[in-house]
Structures are given as C-alpha cells and as structure tokens.
Amino acid sequence: MSKEEPVSDRRVNRRELLGAAALGAAAASLGVGAAPARAAADAKVGVHVGGKYEQVPLRRDAVRVTAVQSNMRSVRDNKNPAREMKANVDHMCELIDAANGFPGPQDLVGFHEQPIMGWQPGNLEEALRVAIEVPGPETEALGRKAKQYGCYVTFGTYARDKDWPGHLLLNGVLIGPDGSVVANHWKTNNMRGFKPGWDIFTTSIYDVLDRYREMYGEDAVLPIARTDIGNISCSITPGQPDVMRAHAMKGMEMRLSSSSGGYNLEDTAVISGHNRIWTVVCNQSLSPAQPGFPEFSGSGDTAIFGPNGRIVARARSIHEEFVTTVIPMAEFRRTRVIPDVPMEMLLPVYTRYVPRNGPNSQADYVPKNSEDASQHFIKRRNW
C-alpha cells in the first residue's frame, strides 16, 4: 500500500475530449418536485434518524481490495460479438486469478466501466448487440471465479433488460462470493450537453424515473447494497456530488466507481472526504484498440480514496496493474455517521429549483444515436 498523497496531476481524459461539462443533479438526488402522493413511499427510503444506518455484520474487520487497471478491448465485429466478448471475459478471469495470487486473497476485485465489450461509439442498435443480460453467461463465468476465491467482483457494462425492451443501460454490477449477482445498479442520471450535436443515448434511472419508481420502489432510485464487506454503491455516476451525498445519507460506506476514459481526481477526493466514505475507482489502462480514440485517452490513475479524501493507493503507470489496499471497515464503522446537512436551509431552494433537464425524457422515446439524442434532449429542456 502506498503512502497517502495529495490529489494532483490531473490529466486530459476522454470525457474532456468529448467536452464534458455538467452540473450536479441535486433535483434527482433529493427527489425534488415529488408529488404529495409519494409521501407514503418516501417513508420507506433507507434514511434513519440519529445519524446511524442499516448494516449487516462484516465477514472480517479489514477488507482487502484490489482495483484492476486493465486495458479496454473494444468489440470490432458488432454483428457477431460473442467470440470477442468471451475473450474479454476470459481476460477478466485471468486477472481475478492473478489478483488473488501474488497480492494474496482478496475480498473485492474491481474492473473499469467497459471490460466486456469496450467502448462502442456507434448507434443504439449496434450497442444493444453487445449489451449483456444480468444475470447471464458473462456474469455466470465471472461468478464462478468469485466463488472460487470467495470474493466480490465488480465491473461496469452495457446491459439489456427484458422489462425495458429497446433501452440500453449502463450498469454497475456486483457479484458476490457465492457467484450470484448481488447488485445491478443502473446509472442514476446522465450529464447532458457533452458537446454541440452529441449526447448520451443510454437510459438512466432519471430518464424513466416515474416508471422506475412504480416498478422497483422509491428506495431503489438511489440503491445501496448492504454486504458483509460494507454498504456499497456501484452506480456509474461521475461528477455528481449531490447524488453521492444522498447515497451517503442512506448509509453508503464504499463507492465502487467504474470509469473509462478518465475521471476527475479532485472531484472524487472531495466527494469521498465530504461524505466520509471509501471510494474505489477502476479506470482503464493504455488501450490501443479503441475506435475513434488514441491509445492514450484518459488511461491510468486507478486509485483508492480514504474517508479523509486522500489517496491511499494509486496506479503508478498507465499500463495494466493492480492497486491494492486494506480497508479497516470495522474501525471505520465505529466512528462513522451519515453527513450532517442543514436541510431546513437547503429545501426552500431545492424545492423551487427547476432542473434544466427534467426526468422521464426517455419514457416514451429512446434516441437512436448520439446526434438524435442531442436533438431530443435539447427539445425537452426546461431552460
């Protein structure tokens, strides 16, 4: 484990190459604009009085974590992707073997945002061909490795869901030590307006918020997986401090953030320290086979952040490597309370605020590509 180091040396990444710039989703995280009829449902949200929160007993006092910085191998044969996707899963399994070898047995092994299909810059139809079902053959293969070593495995992925036909999801998946899927967290919300004429066409919770609530309940909007290594969120939600604050209020202890194309170290450090949580960020290594991008496009900086906002372990290169640490979860729990927020001061502002991009924008239409998405969301803006 490396010494703690200040957050610095911010690199240009793919999200910046796409012109990423967006505000936090305060309205989404606080349920702003909720109808009075939802009051009964709100009572079931897992936020407890008194600063404590729901937990399950830990498997051990200290949790051993390895964040894998692996390359991104984009599927090229989109019409027949099975062979390439299997090769990517096989590579993940090899890295799980290695992570539980020389570093010693692990409780958690994490991967980046797109280890199974890689970056897919095409259209909705093409992306759905490489999206996986959860559970499915890919999670079963990874689940066998998780069961072999008795560890958790997490990764990001494009996903399909039979209950949401035609929607492309970007989910954070957590597989448990028994080999089963413990969590399949949708992305909470997408940052809109990456660059003129281009936008994201994956479906987030916010994009179908009303139907999502009806199907899964209010507590599932900002989900927490309560496990024997800690309370975990594995939602792929970069640059959203308000959303992460709401997760922390619900008892999130560890944020598993799967990234690709880089992320903002300073932002991640502030969110971790401000909410007193552990954050594990898995980013890609140098990846030569990404269509539309150079082999370095935000590679490296896989890191683990402590609840004081400082980095406790960080990748030393842009190549494939393991970033490993031991999280003293039992000690952390003894003193940790949820964030103390002056809500009476904030609610008058939040409840009057009208977000630029409202919810349910993909409830009745799913954009076919990035250009179509840009036009669709511009038409639906509130301001």
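The values are calculated or read from the model by the stated rules, or taken from the named source; none is laboratory data. What you are looking at is a predicted structure, and each value in this text was computed from that prediction instead of being measured. Note that we place each Cβ from the backbone using ideal geometry, even for glycine, and neighbour counts take in every protein chain shown.
A quick yes/no check of all residues on (1) surrounded by 18 or more Cβ atoms within 10 Å (Cβ to Cβ); (2) over 13 Å from the mean Cα position of the chain (by Cα):
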position	(1), (2)
162	no, yes
171	yes, no
184	yes, no
194	yes, yes
197	no, yes
201	yes, yes
215	no, yes
221	yes, yes
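Looking across region 76-96, just one residue is closer than 18 Å to residue 176 by Cβ and not aliphatic (A, V, I, L, M), and that is 93. On inspection, residue 142 qualifies as closer than 26 Å to residue 66 by Cβ and among the aliphatic types (A, V, I, L, M). Taking the conditions (1) under 24 Å from residue 237 (Cβ atoms); (2) surrounded by 16 or more Cβ atoms within 10 Å (Cβ to Cβ); (3) modelled with pLDDT of 85 or more; (4) touching an Asp or Glu at 6+ places or on another chain (Cβ under 9 Å) in turn, residue 56 satisfies each one other than (2). When the residues of region 242-256 are filtered to those that are in contact with a Gly (Cβ under 8 Å, 6 or more places away or on another chain) and not charged (D, E, K, R), the one that is surrounded by the most Cβ atoms within 10 Å (Cβ to Cβ) is 256. A single entry from 244, 252 fulfils the requirement of being part of a loop (DSSP other than H, G, I, E, B) and touching a residue at least 12 places away in the same chain (Cβ under 8 Å): 252.
Selection of region 348-383 for residues being of a type in the set (A, V, I, L, M), touching a residue at least 40 places away in the same chain (Cβ under 8 Å) and part of a helix (DSSP H, G or I) yields only 373. Every condition in (1) modelled with pLDDT of 95 or more; (2) under 28 Å from residue 109 (Cβ atoms); (3) touching a Phe, Trp or Tyr at 6+ places or on another chain (Cβ under 9 Å); (4) crowded, with 24+ Cβ neighbours inside 10 Å holds for residue 206 except the one numbered (2).
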